[in-house]
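What follows is one structure encoded as structure tokens, with my remarks underneath.
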Amino acid sequence: MSIHSLKRECANLAWDNSIPPALHVKSGDEITFDCLDASNGQLTAESTVKSLGTLDFALLDQVNGPVYVDGAQPGDTLQVDVLRIENPEWGWTALIPGFGLLADEFTAPALKIWKLESDSDSEEGFAWFDKEKGMKVPLRPFAGEMGVVQKKKGAFSTIPPYHTGGNIDTKHVTVGSTLFLPIEVEGALFSIGDGHAAQGDGEVCGTAIETPMKVTVRLSVRKDKPYTKTPHFSTPVVKHKSEEEYYCTTGVDSDMREATRSAVRNMIEFLVAEYGLDRVGAYMLCSVAGDLRMHEVVDMPNYVIGMMIPKSVLGPSVSNKA
């Protein structure tokens, strides 16, 4: 096994099988990627909401790579073991006009700069959402972008996910997890990026706690998993963690997207009423700490979608009703 590193300058703004590899490795090698945040360094710990007005959207969500893995052939599977993650002491969450599940309801830009802190009681650390209210978000860093290129020619945006990975934004693929990706071209051509310090399932406002990141992975070629046609993943062992308690709002509708929007909207209303948050802050909290769940999908014509927030995040209710 060899250990390699890729600097943040080895970044691309598209998934494209014509981009030459930045690095060649053997199956089983470890690589440390030094990745900028999703803004490509346009936002910093000193940024203000005015900074959103100067964002060049063509530079967002770059990925570091690609890495050519010796022996990888179409039909194989790339095993990605997430070994280590380092991030700085800051991150950002933004409402970007036109982006997010409720973009039509939240039309003004907003930016929150977070301070990421260590926790003596937790290896993961935390970030205060509102210290005065006792509301803090546990950190669980991961890379939102992990993928390989498609066999189809052309440049594909890094914004959406694909069957070969990409912007899967899945918080469960953190340290100790293993991701499996279907290989469609020789060498696989793996890239990674979009560091998140914390995110809820759904990332509903469009951003998590975005942060630069150094992430170390092991890349291995698997010849025995031909059924891998989309990203699969295995989560790490949970250590010494009791079952979390949640508060959940639901959305019920015959349209699954509208049921999802309703569940989030109802959680925002709950947080405003019970915890004294403003709607923008509540929306951001849903994005970084709330998990969307598909509760009921078989009793037509309606679906039930839940938005769940851990009670440990919330702190005491201002109305003492929670």
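Relative to the longest principal axis of the chain, what angle (0 to 90°, nearest 10) does the C-alpha long axis of helix 256-275 take?
Here the helix axis deviates by roughly 50 degrees.
Rounded to the nearest 10 degrees, what's the angle between the helix 279-289 long axis and the longest principal axis of the chain, both from Cα atoms, 0 to 90?
Its long axis makes an angle of about 40 degrees.
Starting from the alpha-carbon convex hull of segment 1-155, give the projected area averaged over all orientations, in nm².
12.3
So between residue 152 and residue 14, what do we pick up on full extension, going 0.36 nm a residue minus the alpha carbon distance?
Between residue 152 and residue 14, full extension yields 48.4 nm more.
Relative contact order of segment 21-82: what whole-number percent is it, with Cα pairs under 8 angstrom and at least 6 residues apart?
55
Within the set of other residues whose C-beta is less than 14 Å from the C-beta of residue 170, count the net charge using Lys and Arg as +1 and Asp and Glu as -1.
It works out to a net charge of -4.
Can you tell me which of 3-10, 140-147 comes out highest on packing, and rank the rest after it, using the mean Cβ neighbours within 10 Å?
Output ranking for 3-10, 140-147: 140-147, 3-10.
Hey, could you pull the Cα Rg and Dmax for the chain, both in Å?
My reading of the Cα-based Rg and Dmax gives 19.9, 61 Å.
What size of dipole, in debye to the nearest 20, comes out for the chain about its Cα centre when the only charges are +1 on Lys and Arg C-beta atoms and -1 on Asp and Glu C-beta atoms?
Here the size comes out at about 360 debye.
Ranked from highest to lowest mean number of other Cβ atoms within 10 Å per residue, what is the order of the peptides 89-102, 291-304?
89-102, 291-304
For segment 3-223, with all protein chains present and a 1.4 Å probe, just round the carbon and sulfur fraction of the accessible area to a whole percent.
Taking all protein chains in place, segment 3-223 shows 52 percent carbon and sulfur surface.
Per-residue HN-Hα couplings for segment 87-95, Karplus 6.51 cos²θ - 1.76 cosθ + 1.60 at θ = phi - 60°, whole Hz, x for Gly and Pro?
9, x, 8, 8, x, 9, 10, 9, 9
Report the FRET efficiency, 1/(1 + (r/R0)^6), for residue 124 and residue 232, where r is their Cβ-Cβ distance and R0 is 30 Å, rounded to 0.05.
For residue 124 and residue 232, the calculated efficiency is 0.80.
Which listed residue (266, 1, 109) has the Cα farthest towards the positive end of the charge dipole for the chain, taking +1 on Lys and Arg C-beta and -1 on Asp and Glu C-beta about the Cα centre?
About the Cα centre, the residue reaching furthest to the positive side is 1.
At 1.4 Å probe size, with every protein chain present, just tell me what the per residue accessible area of the chain comes to in Å².
46
The values are calculated or read from the model by the stated rules, or taken from the named source; none is laboratory data. Just so we're clear, the structure is a prediction, and the values are computed from it rather than from any experiment. Positions of Cβ are backbone-derived with ideal geometry, glycine not excepted, and every protein chain shown enters the neighbour counts. Note: areas computed on protein heavy atoms with side chains; ligands, DNA, RNA excluded. Shrake-Rupley method; radii C 1.70, N 1.55, O 1.52, S 1.80 Å.
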